[in-house]
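Heads up: the structure comes next, in structure tokens.
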Amino acid sequence: MQHLYRRIYANPKFHQLELERRRFSWLLTSIILIAYFSFILIIAFYPELFGNPIFEDSVITWGILIALSVILLSLLLTGIYVYRANNEFDRLVNDVIKDVT
């Protein structure tokens with residue numbers, strides 16, 4: 001079994017997969033962290049912005065809209081990752097498996 005692991009690790013396609021997956025996951029992580037911490041920083045330093053209603057007589061505030069947007073962004077980024085993982089990353093995994101077996 002160790003021999004199989006060594007062959008997988010020696011395969012350049014494995015390292016390509018590892019690099020692409022790491023870069024992509026860090027990109028998506030950075031996007032959601034920037035969105036989340038921006039939301040928190042606005043709450044901390046400019047809370048009246050989130051308390052303002054969207055329209056003049058609306059009960060829905062900017063805070064609700066932006067919080068919902070952060071949640072939807074995280075769902076969207078998860079979907080993007082799953083799509084890419086099921087297509088591109090799985091293809092690379094199958095290529096590595098074919099090469100070593």
Here region 92-101 yields Karplus 3J(HN,Hα) values (6.51, -1.76, 1.60; θ = phi - 60°; whole Hz; Gly and Pro given as x) of 5, 4, 5, 4, 5, 5, 4, 5, 8, 9
For region 29-39, Karplus-derived ³J(HN,Hα) couplings (6.51, -1.76, 1.60; θ = phi - 60°; whole Hz; x for glycine and proline) come out as 4, 4, 4, 6, 5, 4, 5, 5, 5, 4, 4
Among MET1, ILE54, LEU92, the residue whose Cα sits farthest towards the positive end of the charge dipole of the chain (+1 at Cβ of Lys and Arg, -1 at Cβ of Asp and Glu, taken about the Cα centre) is MET1
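Can you put ILE43, ILE60 in order, fewest other beta carbons within 10 Å first? The partial results should precede the final answer.
On the way: ILE43 14, ILE60 11.
The most exposed by this proxy come first: ILE60, ILE43.
Loop-only chymotrypsin sites (Phe, Trp or Tyr not before Pro) in region 19-101, please: DSSP not H, G, I, E or B, and at most 16 other Cβ atoms within 10 Å.
Working: sites: PHE24, TRP26, TYR36, PHE37, PHE39, PHE45, PHE50, PHE55, TRP62, TYR81, TYR83, PHE89; in loops: PHE55.
Passing sites in region 19-101 are PHE55.
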Taking placed amide H atoms and a strict 5 Å upper bound, the residues 5 or more places from ASN11 or on another chain that come that close are none
Farthest towards the positive end of the dipole of region 13-101, among LEU75, LEU19, ILE64 and with Cβ unit charges of +1 on Lys and Arg and -1 on Asp and Glu, lies the Cα of LEU19
Treating only Lys and Arg (+1) and Asp and Glu (-1) as charged, each at its beta carbon, one finds that the chain has a dipole about its Cα centre, in Debye to the nearest 20, of 780 debye
Karplus ³J(HN,Hα) for region 59-72 (6.51 cos²θ - 1.76 cosθ + 1.60, θ = phi - 60°; Hz, whole; x = Gly/Pro) runs 8, 8, 9, 4, x, 5, 4, 6, 4, 4, 5, 5, 5, 5
Scattering profile of the chain from the Debye formula, Cα beads only, expressed as log10 I(q)/I(0) at q = 0.10, 0.11 Å⁻¹, is -0.48, -0.54
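Taking neighbour Cβ counts within 10 Å as the exposure measure, how do LYS98, LYS13 sort from fewest upward? Before the final figure, lay out the partial values.
On the way: LYS98 9, LYS13 17.
If I rank by nearby Cβ atoms, fewest first, I get LYS98, LYS13.
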Least to most buried among HIS3, HIS15, by other C-beta atoms within 10 Å and fewest first, runs HIS3, HIS15
For VAL100, the net charge from surrounding residues (Cβ-Cβ under 11 Å; K, R +1; D, E -1) works out to +2
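Coordinate-derived values only; no laboratory data. Computed from a predicted structure; not experimentally measured. Every residue, glycine among them, receives a Cβ derived from its backbone with ideal geometry; neighbour counts consider all protein chains shown.
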